[in-house]
Structure formats: structure tokens, C-alpha cells
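**Student:** To start, I am sharing the structure in question, which I have written as C-alpha cells.
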Amino acid sequence: MTAAPASADAIRLDSLRKQFGSTTVLHDIHLRAARGRFVVLLGPSGCGKSTLLRVIAGLERADGGRVVLDGRDVAELPPAARGLSMVFQSYALFPHLDVAENIVFGLRARRVAAAEREARLARAASLLGLEKLLKRRPSQLSGGQQQRVALARAIVAEAPICLMDEPLSNLDAKLRGEMRREIRALQQRLGLTMVYVTHDQAEAMSMADQVVLMRDGHIEQDATPAEIYARPASAFVASFIGTPPMSLLPLVAHAGGAGIAGLPDHLLAPASAAGALLGIRPEEVVPAEDGLPACVTAAEFLGAETVLACALGSGGALLQARIPGHHALPPGSPVRLRLPPLAHLFDANSGKRLPLPPFA
Amino acid sequence: MRMPRFLHAWLMLGPALLLLAAFTHVPALATLWHALFSTPTPRRPAVFVGLNNYAALAEDPIFWQALWNNLLYALGTVPMSIALALAMALWVNGRLRGRTAMRIAFFTPTVLPMIAVANLWLFFYTPDYGMIDRLTRLLLGWGPTNWIGSQETALGAMMAIAVWKEAGFFMIFYLAALQAIPPSLLEAASLEGASRGRIFWRVTLPLLGPTTLFIAVNAVINSFRLVDHILVMTQGGPDNATALLMTYIYETGFRFWDTAQASALTGVLLAVLAVIAALQFSLLGRRTHYR
């Protein structure tokens, strides 16, 4: 990939800070998103992802740093002048207006000519399959239909940037999957730059071009879904991404290398790795006769596979294993598990990813 | 032991029904009934006179003046108190310093008894050294004005008191309704490019519709009903300049003891209120959005 010139960035955030009273909710945020990208802000609740979205939208004022949208510093611009649209978590549909009036609310406010307004309404409505619902009030719509109206209102503005704040969190699981595909298809078809907030890592991984994982007002990692899965930048990222996420096993020094406390016969890493955390993807663990001895503490049957939670060695380190088929073993059952080759090491204190030591 | 369902129902309804009937429904119907008879005197018992009492009203110039005054009074106080209530609510709903103190200040007139309010305003309106005259002298250089003693100003003076008394009460309803509007709606509107004025007219005001209807109906009823201050301050004078239907009913019924005529007046008052309420619900109600 070639480096795009700076002006091609649809969104650029430089050392953005935000405080509420004495609590800092965003520390020194740097972010770049190229035009047409689907950026997902991911993180647990309270990590600042929604606040970051609201700062970009102009609904909150930053206390420092710059927000540059399409090459313009928008710090002094009101939300309406920033060239963006937004879908709210609650959809924020006007309950007293019918679907058509909800969709064209912004066009009326911006005094778009009637003929063009009607044309854009018709286009948005057909794109989202709302033609038959235009005369209904929001209260007469299902959750999924309300979601579509909110989407239609966002795209009818034809703003180059679209912001979404957990738009699927009020839908049931099946509808969520459908809307996920639909939003992604719409974004690609219209070439929108999307900033999408969610706490659901499956949503993030399946939709995003770029995942920005946040924690306590910091960006932990900003990478493609493949990269964030393959090379988590910190123990926090590792323990957030994946279903179930990576298991983190503390390594101790044994004769000739490092391994799990209480299992000196099974060396997992060179001696220099002692004291670090070993990251293991549950889907890479396989049951094997020559594997590490472990004790099942819980089993979760998911249909195609079973997730086993196991205690390893004397320290009781928790290892999860995702094993194809039905293996709902009762707690206390002994199992033997083979771990994948060493791939992820994290500093036990800072949580930062460590370079893999060469095998001695 | 099983109680029949209907007995159970009547027992539950009984206490409330008894009180309502004894103090509301029966007197109301009795009033309408008495309006069809002449006023009984020790020498002459009441006789059925049909609609004669209403016919007498139609020829009574004071009745027409009271009715006219009351319409002016309603037209003056209802829109004014609603607009003021909305303005105050919008103001104290914002993020401003000391808004709790402001809310309390705006609400205080509501808490005061109407008689106390009347006495307070008697001082305000006192010619020459009352607060109003001092202000008009300071700001406009006017001489002393007998606000409640002259025919031109008396009704207006009474209307000002009613607005002052009621706006704070209605403000509370508007404030509650404003706080029930999800902030994301206003954010969405501003993000869509709507100006503050447009947000107010196209989003806030329609969402306040049910509250406005409720307040409007109550304000109209109050404009015919809340007359304590007039009884204390002017008793309908001077020369019936502040006579309203209610004060005229009181005067006819309890000063002249013409109970039949007072009953007929009450019938007219009820009819006026019923018509106005029906109009309000059918006109405003159709355009009001209920969530």
C-alpha cells in the first residue's frame, strides 16, 4: 500500500483531549482515517469511544488538539457545518413527524429545492426499502424499520462522513447480523467514510477496514482487523479480541527455559521469557495425548464447537480451548492440551507486546 | 364465602362515588334544576318559570358586560400566561447559574394564597406611593394613577395579577415536559442543520403539544374560575368594570340572594366552559402529537 497524501485523510485527529470536570476522558488521541474507510471505535463501556465520536461530531467541545475533516480544521464549526451525518443509538427520530418528513428534515432545514428533495427522498427510501412506510409515524415502526429510517436520514444528507453510535445495540441478534451486512454494503456503495462506535468486537471485526481499540481514554491499537487479531499490541487488546479472547498465561523460569508454574516438564519459551505473559488463542489449542495436563473448570457448548475453561499447573493459570465438536466435559475432568508454537508475549507489568526471543 | 362481583365493585367505588355525588354531581344538577324556578321567599314558595330566568339574563346589561369582560379577561390572560410560562421554562431549563433560585422565584406566586396575593397587589397598585406608580414616575414621568379605581385600568390590573399568579404554575408543567424531551433529538436536529429557531418551532414546540393543550384548557377554566382577587380588591367595580361571570354569580346569589338568577348564570358559565373545552380539544387535539 502506498502512503496517501495528507489531504486524502477524511478524518485526522491530533493530540485530542477532553475532560469532564477533573476527569480526563480522552488523553492525547491521534487518529487518521483515509477517505472511504470503515473505522470502528471499539472498547469496553467507559473507554471514551462515544465521547470521541461526539467530539468529532461537534456535540462536545475538545479541550485540546485538533479535529481535521477533509483537510479543514473544524474546531470552530458547529455540528451542522462539519459535513457529516450521524446515526444515534436511540435513532433520535422525531416522533411527531412521519418517516418521509424525518428523512428530509435536514434537507428542509438546509433549504434544498423541493424537486431535488423529493428525488433524494425517493432514492434513500428505495435504497433502504422504506417506500411503503413513508407515511407512518416512528411509533408505528419496528426497531429494525426505525433503524433504517435513521440510516436513510443520515445518507440523504449526502455528507461524506457518517458517524454511528452503537446503532445496532437495540436490535435482536438476527436483525443485527442483517443490518451489519446492510450497513457495510451501503457504506461501500456510497463511498462513505464511516466512524462506527461499538463495544461488540464481532461487529468490529466483521465490518471494519480499521479497528481503533480504546481503553480508559487511550487508543490501545489502531490496525486492520487481521492485524489486530494476529498481532495484538497489548495484553488488553489480546484479552478483548476473539471469541473467546486470548488466554494469558504467566510464565515462570524452569530449568532450561520458561513454562507454567508447576509444569517444569513442559517448556513453552526460552528462559528470557520468564516473567512475561504468554498469549494463546483458544482456537489454536488442540487436545493431544502428549499435551499439557489440565483440569476442566467449565465447559460451554456452542453447537459446532465447545469452549473448555481449564486450569493449568500449580498456579491455576486459566487456559481456554475452543475445540470442534461436542465435548461438554464435567468440571474436574482431566484433559491434555497441546499449545501452539510461541507467538504472543506480553510484558506482565505494562501489558505491552514483547518481541519474541530467539530460541537458545 | 363468595361476594358477588357487582357488590365488590360497588363497595370499592362507594366512598369516592358518595363524596363526588354529594358535593359535585347532585349540587351541579340541582343548580340547573333550580334555574328553572323562581327564587323562593318566605311569603312565596318557588314556582316553575321555565326559561324565564335565562330570558331575564338576556335583558340584563350587567350580565352582558360581565360576559364581555370575562372574554376580554380570558383573551388577555390565557395566551399571556402560557407564553410567559414557556419562556420562563425555556430559560430555567438551560444551563445557567442559580437556576434553582430562579425556578423557586418563578414558582412562588403559585404557592401564595390568592387572598394574600390580592393584598400584596393592593400595595403595588396604591396610587402615588405604590410600587407601580413609583416605577411609572421614575421611568415614564407619569403622575399618580388609580389603577384599580378607574374603569379604564381596573380590568387590566386584575389581568396582570392573574398572569403573575398563573405563569409560574404552568412553567412547572412546561419544565417537566422539556426535560422529558430526549437530548439526542435536539442534537440530531442541530446536526441536520436546523437553526435554533427552527429546532424550537419544528421540534420542541410540537413535542410540547400535549402539555400546551393541557395548560390551555386549565388556563381557560381558571380565567372563569379564579376571581378571589377581584372579590377582595374591587368586588367587580368600579361600575362593573371588573365584573366577571363568577363575581356576578357571587353577587347575585350571595349579596342579592337571587338564587334562581344565580343558578341560571351558573348554567351559562358551565355552557361557555363546555363549548370552549370542546373546541380546544377538537381543534388543538387533532394537531397534537401524543407520544
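**Student:** Determine, at each q value in 0.08, 0.09 (inverse angstroms), the log₁₀ of I(q)/I(0) that the Debye formula gives when each Cα of the protein assembly as shown is one equal point scatterer.
**Tutor:** -0.84, -0.93
**Student:** Using 7 Å Cα-to-Cβ label points, what is the B:Leu135/A:Arg110 separation (nm, one decimal)?
**Tutor:** Modelled inter-label distance: 4.7 nm.
**Student:** Counting DSSP beta bridges with both partners in chain A, what percentage is antiparallel, nearest 5?
**Tutor:** Details: 55 of 73 bridges.
Roughly 75 percent of the DSSP beta bridges within chain A come out antiparallel.
**Student:** Another question about this same structure. Roughly what % of DSSP beta bridges within the protein assembly as shown run antiparallel, to the nearest 5? Write out the running numbers ahead of the final one.
**Tutor:** Values: 56 of 74 bridges.
Rounded to the nearest five, the antiparallel share is 75 percent.
**Student:** Once you put a point 7 Å from the Cα of A:His27 and another 7 Å from the Cα of B:Arg2, both along the Cβ direction, what distance in nm separates them?
**Tutor:** Each label point is offset 7 Å from its Cα along the Cβ direction, giving 7.2 nm.
**Student:** Mind listing the long-range amide H neighbours of A:Ala317? Cut-off is under 5 Å, sequence gap 5 or more, other chains count too, H placed in the peptide plane at 1.01 Å from N.
**Tutor:** A:Leu312
**Student:** Could you pull the Cα extents of chain A along its three principal axes, largest to smallest, in whole Å?
**Tutor:** Computed over chain A, the largest-to-smallest principal extents equal 79, 44, 42 Å.
**Student:** Can you tell which of B:Leu226, B:Met80, B:Thr204 lies farthest toward the positive end of the dipole of region B:52-287, using +1 and -1 charges on the Cβ of basic and acidic side chains (Lys, Arg; Asp, Glu)?
**Tutor:** B:Thr204
**Student:** Give the accessible area for B:Thr31 in Å² (nearest 10); use a 1.4 Å probe, count only protein heavy atoms, and leave out ligands, DNA and RNA.
**Tutor:** 40
**Student:** Based only on Cα atoms, what Rg/Rh ratio does region B:154-291 have, Rh being taken as Kirkwood's radius? Don't jump to the answer; show the numbers that get you there.
**Tutor:** On the way: Rg = 20.0 Å, Rh = 17.7 Å.
Ratio of gyration radius to Kirkwood radius for region B:154-291: 1.13.
**Student:** Among B:Ala277, B:Ala216, B:Ala74, which one shows the highest mean-square fluctuation when chain B is modelled as a Gaussian network with alpha-carbon springs under 10 Å?
**Tutor:** Its mean-square fluctuation being the largest, the pick is B:Ala277.
**Student:** Using the alpha-carbon centroid of each, what span in Å lies between region B:30-107 and region A:283-360?
**Tutor:** Here the two parts' Cα centres lie 81 Å apart.
**Student:** Sequence-distant or interchain residues sharing an amide H contact under 5 Å with A:Met164, placed H: which?
**Tutor:** A:Val87, A:Val195, A:Tyr196, A:Val197
**Student:** Moving on to the next point. If you add up the charges near A:Arg117, with Lys and Arg at +1 and Asp and Glu at -1, over every other residue whose beta carbon is less than 14 angstrom from its beta carbon, what do you get? Intermediate results must be reported in sequence, preceding the final value.
**Tutor:** Working: positive: A:Arg108, A:Arg110, A:Arg111, A:Arg120, A:Arg123, A:Arg153; negative: A:Glu101, A:Glu116, A:Glu118, A:Glu158, B:Glu192.
Value of the local net charge: +1.
**Student:** Taking the Cβ of A:Leu354 as the center, what net charge do the other residues with Cβ under 14 Å away carry, scoring Lys and Arg +1 and Asp and Glu -1? If you can, show how the numbers build up before the last one.
**Tutor:** Numbers: positive: A:Arg231, A:Lys352, A:Arg353; negative: A:Asp347.
Cβ neighbours under 14 Å give a net charge of +2.
**Student:** Please list B:Leu265, B:Leu18 in order of solvent-accessible area, largest first, computed with a 1.4 Å probe with all protein chains present.
**Tutor:** Working: B:Leu265 0, B:Leu18 125 Å².
From most accessible down to least: B:Leu18, B:Leu265.
**Student:** By the scheme Lys and Arg +1, Asp and Glu -1, what is the net charge of all other residues having a beta-carbon under 11 Å from that of A:Pro160? Provide the component values of the computation, followed by the final result.
**Tutor:** Working: positive: A:Arg35, A:Arg82; negative: A:Asp70, A:Glu158.
Summing Lys and Arg as +1 and Asp and Glu as -1 gives 0.
**Student:** Please arrange A:Asp165, A:Asp209 by accessible surface area, largest first, computed with a 1.4 Å probe and ligands excluded. Please report the intermediate quantities before stating the final value.
**Tutor:** Values: A:Asp165 20, A:Asp209 45 Å².
Solvent-accessible surface, decreasing: A:Asp209, A:Asp165.
**Student:** Hey, another quick one. How much length is gained on full extension from A:Asp200 to A:Ala75, taking 0.36 nm per residue of separation minus their Cα-Cα distance?
**Tutor:** Details: separation 125, 0.36 × 125 = 45.00 nm, distance 2.99 nm.
Going from the current span to full extension adds 42.0 nm.
**Student:** Sort A:Met179, B:Met80 by accessible area with a 1.4 Å probe, largest first. Don't jump to the answer; show the numbers that get you there.
**Tutor:** On the way: A:Met179 0, B:Met80 100 Å².
So the residues, ranked largest to smallest area, are B:Met80, A:Met179.
**Student:** While we're looking at this one, here's another question. Give me the number: length gained by fully extending B:Val275 to B:Ala46, i.e. 0.36 nm times residue separation minus the C-alpha to C-alpha distance, one decimal in nm. Before the final figure, lay out the partial values.
**Tutor:** Working: separation 229, 0.36 × 229 = 82.44 nm, distance 3.03 nm.
Full-extension gain reported as 79.4 nm.
**Student:** Compare B:Ile115, B:Ile148, B:Ile82 in a GNM of chain B, Cα atoms joined below 10 Å, and give the one with the largest fluctuation.
**Tutor:** Top of the fluctuation ranking is B:Ile115.
**Student:** If ligands, DNA and RNA are left out, what is the accessible area of B:Tyr129 with a 1.4 Å probe, given in Å² to the nearest 10?
**Tutor:** Counting only protein heavy atoms, the figure is 150 Å².
**Student:** Right, something else. Once fully extended, how much extra length lies between B:Leu72 and B:Phe123, figured as 0.36 nm per residue of separation less the alpha-carbon to alpha-carbon distance?
**Tutor:** On the way: separation 51, 0.36 × 51 = 18.36 nm, distance 2.47 nm.
So the extension gain works out to 15.9 nm.
**Student:** May I ask you to evaluate 6.51 cos²θ - 1.76 cosθ + 1.60, the Karplus curve with θ = phi - 60°, for each residue of region B:60-72 and list the ³J(HN,Hα) values in order in whole Hz, giving x for glycine and proline?
**Tutor:** Using θ = phi - 60°, the values come out as 8, x, 5, 4, 5, 5, 4, 5, 4, 4, 5, 5, 4 Hz.
**Student:** Still on this structure, please answer the following. Work out the FRET efficiency for A:Leu318 and A:Ala253 from their Cβ-Cβ distance, taking R0 = 22 Å, and round it to the nearest 0.05.
**Tutor:** That gives a FRET efficiency of 0.60.
**Student:** If I fit a long axis through the Cα atoms of helix A:143-156 and take the longest principal axis of the Cα atoms of chain A, what angle between them do I get, 0 to 90°, rounded to 10?
**Tutor:** Its long axis makes an angle of about 60 degrees.
**Student:** Provide Rg over Rh for region A:14-71; use the alpha carbon set for both Rg and the Kirkwood Rh (inverse mean inverse pair distance). Mind dumping the intermediate values first?
**Tutor:** Values: Rg = 11.4 Å, Rh = 12.0 Å.
My calculation puts Rg/Rh at 0.95.
**Student:** Here's another thing I want to ask about it. Going by amide H atoms built from the backbone, whose H comes under 5 Å of the H on A:Arg338, apart from near neighbours?
**Tutor:** Excluding prolines and chain starts, which carry no amide H, the hits are A:Val286, A:Ala288, A:Leu292.
**Student:** Measure off 7 Å from each Cα along the Cα-to-Cβ vector at A:Thr243 and A:Ala230, then give the distance between these two points in nanometres to one decimal.
**Tutor:** Placing both labels 7 Å beyond Cα along the Cβ direction yields 2.3 nm.
**Student:** Volume per residue, Å³, of the convex hull around the alpha-carbon atoms of region B:52-287? Don't skip to the end; give the middle numbers.
**Tutor:** Values: hull volume 34.8 nm³, N = 236.
Spelled out: Cα convex hull of region B:52-287, divided by residues, is 148 Å³.
The values are calculated or read from the model by the stated rules, or taken from the named source; none is laboratory data. Note that the structure is a prediction, hence the values are computed from the model and not measured. Every residue, glycine as well, gets a Cβ built from its backbone with ideal geometry; the counts of neighbours run over all protein chains shown. All accessible areas refer to the heavy atoms of the entire protein, side chains included, with ligands and DNA or RNA removed. Shrake-Rupley method; radii C 1.70, N 1.55, O 1.52, S 1.80 Å.
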